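The values are calculated or read from the model by the stated rules, or taken from the named source; none is laboratory data. Since we're looking at a predicted model, the values are computed, not measured. Here the Cβ positions follow ideal geometry from the backbone for every residue, glycine too, while neighbour counts run over all protein chains shown.
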């Protein structure tokens, strides 16, 4: 039983690289859902349409980055804890600015409680976006392939 550790390590790095964009979008939208006046677009209430647009766009881009559908789906699932960790880090910034007084150990629970809709919504959106991204990538790849061979 020979395991090529360098190939496995490269595969894990590819999955993490693919999950960065959806994770950033999840962290941003979770933070935006709690503090809409501290992010772009500045508003008094969070827009569900904006949250859905950002999550779907980022998951499609993440799906297009992956080489195979399996990697795209694994990256879509891996983006969930990474995005939550980013949202927790972003939630510390209003505390440092003095906008609220919250114990640092309570911040993850604060984010999980107030951004639960975004966190739950991101799972099916990430999976759907990964599949759509792979379909777009395959469509672009097959449409360009005959043009390159004819020259």
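Pairs linking a residue in the range 88-107 that is free of Cβ contacts under 8 Å to residues at least 60 places away in the same chain to a residue that is part of a helix (DSSP H, G or I) and surrounded by fewer than 14 Cβ atoms within 10 Å (Cβ to Cβ), with Cβ atoms under 7 Å and 6 or more positions apart or on different chains, are 107/92. Right, residue 114: in contact (Cβ under 8 Å) with a residue 40 or more places away in the chain and either surrounded by 14 or more Cβ atoms within 10 Å (Cβ to Cβ) or within 21 Å of residue 25 (Cβ to Cβ) (or both) or not? Considered against the rule, which asks whether it is in contact (Cβ under 8 Å) with a residue 40 or more places away in the chain and either surrounded by 14 or more Cβ atoms within 10 Å (Cβ to Cβ) or within 21 Å of residue 25 (Cβ to Cβ) (or both), residue 114 comes out as yes.
Residues in the range 29-53 that are crowded, with 18+ Cβ neighbours inside 10 Å and modelled with pLDDT of 90 or more: 29, 30, 31, 32, 33, 51.
In the range 42-60, of all residues being free of Cβ contacts under 8 Å to residues at least 12 places away in the same chain and under 20 Å from residue 121 (Cα atoms), the one that is nearest to the chain's Cα centre (by Cα) corresponds to 53.
Restricting attention to the range 74-83, the residues that are surrounded by 19 or more Cβ atoms within 10 Å (Cβ to Cβ) and either in contact (Cβ under 8 Å) with a residue 60 or more places away in the chain or farther than 14 Å from residue 20 by Cβ (or both) add up to 4. Screening 91, 30 for residues that are part of a helix (DSSP H, G or I), under 13 Å from the mean Cα position of the chain (by Cα) and at negative phi leaves exactly one candidate, 30.
Going by what's in this entry, would residue 101 be described as surrounded by 12 or more Cβ atoms within 10 Å (Cβ to Cβ) and either at pLDDT below 90 or under 22 Å from residue 126 (Cβ atoms) (or both)? Considered against the rule, which asks whether it is surrounded by 12 or more Cβ atoms within 10 Å (Cβ to Cβ) and either at pLDDT below 90 or under 22 Å from residue 126 (Cβ atoms) (or both), residue 101 comes out as no. Consider the range 61-72 and keep the residues that are more than 12 Å from the chain's Cα centre (by Cα) and in a helix (DSSP H, G or I). The one that is surrounded by the fewest Cβ atoms within 10 Å (Cβ to Cβ) is 70.
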